1. How long, wide and thick is region 93-425, going by the Cα atoms along their three principal axes, in whole angstroms, largest first?
2. Using only the alpha-carbon atoms, how far is helix 4-21 inclined from the longest principal axis of the chain? Give it as 0 to 90 degrees, nearest 10.
3. Pairs LYS95/LYS195; LYS143/LYS169; LYS202/LYS363: which are spaced more than 32 Å apart, C-alpha to C-alpha?
4. Taking the solvent-accessible surface of protein heavy atoms with a 1.4 Å probe, what is the per residue accessible area of the chain in Å²?
5. Farthest toward the dipole's positive end in the chain, which of PHE404, LEU283, SER424, given Cβ charges of +1 (Lys, Arg) and -1 (Asp, Glu) about the Cα centre?
6. Roughly how many debye, to the nearest 20, is the charge dipole of the chain about its Cα centre, given +1 on each Lys and Arg Cβ, -1 on each Asp and Glu Cβ, and no other charges?
7. Considering only protein heavy atoms and a 1.4 Å probe, what is the carbon-and-sulfur percentage of the accessible area of the chain?
8. Could you go through region 312-321 in sequence order and give the Karplus-derived ³J(HN,Hα) for each residue, using 6.51 cos²θ - 1.76 cosθ + 1.60 with θ = phi - 60°, rounded to whole Hz, and x for Gly and Pro?
Amino acid sequence: MRSSLSVGLAALVASLGAAMLAPLPLLAQEAAPKAAAPAAPAAAPAAAPVDKGSALYGRPDGAGASKLAPVAGPPLATAAAKLPLDKLKVPDGFKVEVYASGLANARSMVQAPDGTVFVGTRTVGKVYAVLPQPDAEGRRVVKTLFSGMHRPNGVAVHDGALYVAELSKITRYDDIAKHLDDPGKGTVVYDDLPKDEAHGWKFIAIGPDNKLYVPVGAPGNINMPPETHAQIRRMDLDGKNAEVIARGVRNSVGFDWNPATKQLWFTDNGRDWVSEDIPNDELNVLTEPGKQHFGFPFCHQGSFTDPEYGWGHSCSEFTPPAALLGPHTASLGMRFNTGGMFPEAYKNQIFIAQHGSWNRTQKLGGDVVVAKLGTDGKVASVEPFLTGFLQDNKYVGRPVDVLFIKDGSMLVSDDFNGAIYRVSTGK
């Protein structure tokens with residue numbers, strides 16, 4: 001029989017063992033391994049570089065600029081009854097009406113001697129013919145002459161032939177009035193044009209010297225253009241003897257000849273993404289073919305050297321513009337009014353279609369302005385003429401080209417709605 005001492009010692013040992021095996025909360029917390037730090041978020045993949053030919057090339061960082069991008073028009077032509085005719089305003093003594101509708105992406109225009117108006121496009125690959133006589137319901141018949149062309153923006157007519165400028169070639173279609181239903185394949189008269197999509201659509205016209213004129217835009221928003229770009233060329237009607245007559249021209253989509261001096265005047269679109277207010281688009285005049293440089297990419301609007309390419313240059317090196325047309329207004333088609341319908345104050349003055357800005361927070365342009373010349377032949381003022389395409393900072397239409405037709409009235413193409421308007425005198 002164990003003694004009471006033995007029993008007490010055994011109990012003490014058992015008690016101490018149990019205590020040693022019991023959890024020790026504070027000690028356990030101190031000894032626990034530290035939690036691993038949260039993993040750093042994976043780095044965002046690097047943004048793909050913007051193609052230098054993209055309209056977004058050069059866009060600065062920032063919330064304001066990031067909201068701006070080219071304005072896409074409706075995919076189809078607007079029905080005649082829904083055209084914004086009630087919003088369009090002209091000076092007292094003039095009126096606006098719909099001349100033709102249903103011409104998706106209607107752009108550059110020219111009228112043939114028989115009154116047919118030919119219309120090019122930029123995005124739908126078509127060329128239209130608007131017949132001069134309305135149908136039984138008073139609407140002008142629109143024929144689609146070509147489909148599937150590549151940016152057939154430019155159209156011209158001479159000696160019964162229609163010239164169509166696509167991205168990289170110019171084709172002639174002879175005796176077009178008799179072949180509206182089947183123009184055939186035509187004859188390529190010039191194909192020595194770049195294939196750059198940026199500013200690749202062409203405006204063409206035939207000058208008083210019976211030469212064919214075609215611009216070649218810069219291949220992007222801002223760059224050092226190769227020798228083949230940023231210029232205006234002229235050539236014989238068969239495409240031979242091509243020569244560069246103007247350099248430093250970023251993107252001209254409209255020109256005409258002063259009826260008094262026979263000098264070439266042209267619009268030119270300024271670069272994007274310097275600021276919302278600089279640079280202005282330009283109206284220029286060519287006085288010495290082959291000798292003048294109009295600034296791009298070194299100088300813009302005649303007074304602002306480019307932040308990248310202007311170093312080492314002065315704007316005094318280049319031909320200054322005849323007039324400034326507003327920042328980013330996209331001034332395109334222009335014509336001298338040589339018709340007899342408008343009042344004398346508008347005789348031989350320059351009407352300019354402004355497609356309207358897209359890289360401005362507050363849109364500007366979207367109208368037709370008139371540049372009035374003084375007695376010295378220089379631009380005295382630039383005034384609004386046809387307005388209303390811009391409503392509450394949104395476009396309800398976008399003018400592209402102007403054309404004075406045989407009766408003296410003025411046509412205005414609208415590629416946003418696929419329509420042509422006619423401005424005439426009277427109520």
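The values are calculated or read from the model by the stated rules, or taken from the named source; none is laboratory data. All figures in this text were calculated on a predicted structure; none of them were measured in a lab. Cβ coordinates were reconstructed from backbone atoms using ideal geometry, including for glycine residues, and neighbour counts include every protein chain displayed. Side chains are part of the model used for accessible areas, which takes the heavy atoms of the whole protein and leaves out ligands, DNA and RNA. Shrake-Rupley method; radii C 1.70, N 1.55, O 1.52, S 1.80 Å.
1. Result, largest extent first: 63, 46, 37 Å.
2. The two axes meet at around 10 degrees.
3. Pairs exceeding the cut-off: LYS95/LYS195.
4. Heavy-atom accessible area per residue stands at 48 Å².
5. My answer, from the dipole projection, is SER424.
6. That gives the chain a dipole magnitude of about 860 debye.
7. Details: 11260 of 20560 Å².
With neighbouring chains kept in place, the figure for the chain is 55 percent.
8. For region 312-321, the Karplus curve yields x, 10, 10, 4, 5, 6, 10, 6, x, x Hz.
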